[in-house]
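Report on one structure; see the data block that follows.
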Amino acid sequence: MSNLNPSVEDQIAVGTEAILDSPHVTVGPGRVANAPVPSVFVDDRGDIHRLRVGHRRINLLYSKESVMRSGYLHHQPTHDFVVTGKVEVWYLTQKTTEKKIIGPREYFSIPSYVPHILFFLEDTVLVEWWDSSDVQCWYYHPYRKIVDVQNSLVSSSTGRHQLLVPQDYNVDKPLPSNRNDFVYAALGVVFGLVVGVVIGERRRLA
């Protein structure tokens, strides 16, 4: 797998817009900004339920144990709340790759222009959102290679095989997942928890 330590130029640029000039960074798939909302993205790793609540863009993700997601960086902070399961968050620093395990009912955030990986240690449902709907995405290829290799070991999909399912496409045909009832049943509870976490975080930072 790829080296987890940043190159010299990336050491200087990590966490700043200058990282976009790194030879290891290219424009990402654009699904965050361009995918229809509401819709569901399904592959062998799990589901991504894309929603808009008020003016807020929110993703609900179900990910199977041992799969990875991301290998990206965004130009604004990414906020996440784990509903069930456990995820190991990898993120690039100026010296190395740091890792932190996040469990149920815990919040974490990833700063702007910081490459990251989500490694799911259990079947996991999490909520993901940003500060605005203008969400851009770039690949960080040393991480993306790790994501693709890991996913190729545990499933037939590396994220390149996509099925985009609008939520109103056919109400008589079930989505290709048996977890949707659980996901939407949890949605009301999750939004209440997320609002509480965000308010608490803002008060802590005030």
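Computed from the coordinates by the stated procedures, all read-outs in this text should not be read as laboratory data. Given the structure is predicted, the values throughout are model-derived calculations rather than measurements. Cβ placement follows ideal geometry from the backbone for every residue including glycine, while neighbour counts extend to all protein chains displayed.
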Which of 70, 152, 22 comes first, and how do the rest follow, when ranked by fewest Cβ neighbours within 10 Å?
152, 22, 70
DSSP loop (so not H, G, I, E, B), at most 15 other Cβ within 10 Å: list which GluC sites (Glu not before Pro) in segment 1-81 pass both filters.
65
For residue 75 and residue 9 in one chain, what is 0.36 nm times their gap in residues minus the Cα-Cα distance, to one decimal in nm?
21.9 nm
Residue span residue 53 to residue 88: 0.36 nm per residue of separation minus Cα-Cα distance leaves a gain in nm of 9.9 nm
Counting sequence-distant residues (5 or more places) and residues on other chains, those with an amide H built under 5 Å from that of residue 86 are 121, 122
Which ordering of 37, 53 is given by a fewest-first count of other beta-carbon atoms within 10 Å?
53, 37
Fully extended contour minus Cα-Cα distance, from residue 133 to residue 153, at 0.36 nm per residue
3.8 nm
